[in-house]
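Worksheet: the structure to be examined is printed underneath.
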Amino acid sequence: MMADVSADQPSGTARWAFLGSPRLIKIALLTVVATLVLGPVIVLLRASLAPPDVLPFETSIFTLDNFRQIFAGNDTVNLLTTTIAYAAGSVLLGVGAAALVAWLTERTDMPGATAIRIFLFSWMAVPPLVIGFGWVLLINPGNGALNVFARSAFGLTSPPFTIYSFWSLIIITAFSVLPTAYVMLGGLFSNMDPQLESAGQVHGGRSFTVMRRITLPLLIPGILSVSIFMVMIVVQAFEIPFVVGLSAQIRVLSTRVYLLASPTTGIPNYGLSSAFGVCLLGLACLLMGVYFRCVGTGEKYRVVTGKAFRPRRQKLGVWRVPVTCLVFALFGIMVLPVLMILWTSFMASYQVPSLSALATLSLDNYSRALASPFARQAIFNTLILVLASATIVMLLGSLIAWFSVRDRGPAVRILDILAFAPTAIPPVVMVIAILLVYIRTPVYGTIWILVLSSVTVQLAFATRTMTSALTQLHKELGDAATVCGAGWWTSFRRITLPLLRVQFMSGWLFVAAHTSRDLTIPLVLMTSSNVVLASAIWMMWDFPDLPGAAAMAVLLVIGLLAVVLPVQILANRGRRDA
C-alpha cells in the first residue's frame, strides 16, 4: 500500500525539475519584468491623465488638464529650449574632446596612452554629485578657490569665474561626458584601417586633405551615433543639473520633473510631474530612434575586413610634447574638483587652500563621519543596496539573455523588448513612476524600494551584457548536459554561468559602481530609514556641513576606485599582451 502511494506522488527531485522547467521560468520572468517595467509606465501614464492633488489609483477621472497646462504656457518652450541647448552644448564639447583624445591615444605615438585609458575608465566611477560639489567650491563667486587665487594674483576686483551661469553648467557636464564618449569612440579609431589614408597620401593628398576627404567621412557616422547617444544621456541626466543648475536658477526637464514630485514647500503635484515625465520619455524615445537609425547605416562604413588589416600609429613629430602636455593639462582640470573635495575633508570648516592652512589639517571629519550612527546606517544601507541590486539584476539579466539567445518564440521577443525598455525611460521619470506604484505598500520607505528601482533601471544593461556574452557560446554545450541527464536549471547553473563568470563579474562591478554613485533613486525615494551614502552626502551638504559631506564623498570615491581601478589595470594589461 505504501509503495502504491509513493508511486503516485512525484518525488522531490521531480518537483524541483518541474519548478526549474524552461517554460515555467519563462512565465515567471515575463511576470517579474512586466511588473518591474510595465507597471510603473502604466501608472505614470495614468497619473499624467489624473486630476491634480490625487494619486492615480484614487480617482476614476481622466483629464488632459496637465498636458494643457504644459503646452499652454511659455515656460514649457523655454524649458525645452534650455534642455536641448544644454544637451547639445555639453555633447559638442565633451564628444569633441573625447574624439581628439581617442585619436591621439589610438592612432598616434603620444606617450602615456595606457595611463590615459586607465584614468578615463576609472573616472567614470567618480559620482557626478561629487564633481558638482567640487566645482561649486572651486568657482563660486564669493570664496571659490580659483576666484580667490585669480583676484590675488592679478589684482582683479570681480571674480573671473562663476558657477551661476549656463556655460558653467555646459562645461562641467562636458567633463562628465568625456570619459564615456572616449570609451565608445576608442574602438572606432583603433579599428580604422590606416591603408586608406596612406592611399590618399600616395596619390598626392596633403595631410589636411586626407583628413577632410577620407578620415572624417569614415568616422562621422560613428561619431554621430555616439553624439546622439550622449545627447540622450544628458537629456536624462539629473545630478549635475540638480547640484549646479538649480543654484544658477537654470532648470531643465529632469529637474523640473523632480521638483514637481518632491517640492521643497507645498504638496507634490504628481499629475503635472507625470505629464512632464511623459514628454521627457517621448523625447528620449525620439532620440533613441535616431540613434538606432544612425547605427543601422554603419554597414557601408565598415573598413575592418579579413584582408590585410594592420593598425599603424602616426608620428606626431615636433607636436608630440606640446600635445601630450595639453592632454594632461585637460585631465588636471578634470581632477581639480575632486582635489578640492579632498582638501575640504581635512578642514574643520571650509578654507581656501593655502600654506598657512596646512597646519590645521586633520582627520576629525572622517572620525566624526564613521562614528555617527547616521553615517553608519547610510554605509550599511549602501552595502545592502549594492550587493542586492547587482546580484539580482545580473542573475535576472542572465536568465533573460539565455532565453533571448536560445529561444526565438514571441513570448521571448516580448520579454526582450520589456527588458530593453528602461533604456528609453529617463531614470528620474522611472523612479517617480515607481514611487507612485509602491507609495501605499509596505516596501515604500525601506531599502528594498531602492533595490527594486535600481534593478529596474539597470536591467537593460545587464541583459545586453549577458546577451553579447551568450552569443559566443554554442548551444551544443547545453545539449551535451541534457544528453547526460542534467535538467535545464542544472545546465544553466553548472555550465553556462561558470563559462560566463568574467562577463558576469564585469557587469556586476559596473552595476555596483553605478548604483552606489547614483543620487536620483535615493533622493526621490528618500525617507529617514533608507538613507544611503549618496543621499547622506546631499543632506550634509544642504545642512550645510561641507567638511562632513566632503569626508563622506571621499570615502565613497575611495570605495568605488578600489573596485574599478584594479579591474581597469588588469584589462589594459590583457589588451597590451594581446
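Converting phi to 3J(HN,Hα) with the Karplus coefficients 6.51, -1.76 and 1.60 and the offset θ = phi - 60°, region 166-177 yields 5, 5, 4, 4, 5, 5, 5, 5, 4, 4, 6, 6 Hz in sequence order, with x at every glycine or proline. Of the whole protein surface, C285 contributes about 60 Å² of accessible area at a 1.4 Å probe radius. Would you work out the relative contact order for region 21-105, in percent, from Cα pairs under 8 angstrom that are 6 or more residues apart? Relative contact order here is 15 percent. Along region 372-389 the Karplus relation, 6.51 cos²θ - 1.76 cosθ + 1.60 evaluated at θ = phi - 60°, assigns HN-Hα couplings of 6, x, 4, 5, 5, 5, 5, 5, 4, 4, 5, 4, 4, 4, 5, 5, 5, 5 Hz to successive residues, with x for each Gly and Pro.
From most to least packed by mean Cβ count within 10 Å, the peptides 398-406, 443-451 give 398-406, 443-451.
Each Lys or Arg adds one and each Asp or Glu subtracts one; over the other residues with Cβ under 15 Å from the Cβ of Y350, this totals -3. Think of each Lys and Arg Cβ as +1 and each Asp and Glu Cβ as -1; about the Cα centre, that makes the dipole of region 313-463 roughly 380 debye. Taking amide H positions as modeled 1.01 Å from N, with prolines and chain starts lacking one, the residues under 5 Å from T108 and 5 or more places away or on another chain are Q314.
The order of the peptides 56-67, 497-508, 375-386 by mean Cβ neighbours within 10 Å, most packed first, is 375-386, 497-508, 56-67. Computed extension length for L565-L339: 79.6 nm, one decimal, from 0.36 nm per residue of separation with the Cα-Cα distance subtracted. Of K26, K315, the order by accessible heavy-atom surface (1.4 Å probe, DNA, RNA and ligands excluded), from most exposed downward, is K315, K26. Using θ = phi - 60° in the Karplus curve 6.51 cos²θ - 1.76 cosθ + 1.60, the 3J(HN,Hα) couplings for region 531-544 round to 5, 10, 4, 4, 6, 5, 4, 4, 4, 5, 5, 6, 4, x Hz; x is entered for Gly and Pro.
Here L64 and A85 are evaluated by their C-beta separation; at R0 = 25 Å the FRET efficiency comes out at 0.30. Work out, step by step, the length gained on full extension between I220 and V148: first 0.36 nm times the residue separation, then minus their alpha carbon distance; give nm to one decimal. Result: 21.7 nm gained on full extension.
Packing around the peptides 517-526, 162-171, 407-416, taken as the average count of other Cβ atoms within 10 Å per residue, puts them in this order, highest first: 517-526, 162-171, 407-416.
The values are calculated or read from the model by the stated rules, or taken from the named source; none is laboratory data. Keep in mind it's a predicted model, so treat the numbers as computed, not measured. Using ideal geometry, Cβ is built from the backbone for each residue, glycine included, and neighbour counts are taken over all protein chains shown. Just the protein is used for accessible areas: all its heavy atoms, side chains included, with ligands, DNA and RNA removed. Shrake-Rupley method; radii C 1.70, N 1.55, O 1.52, S 1.80 Å.
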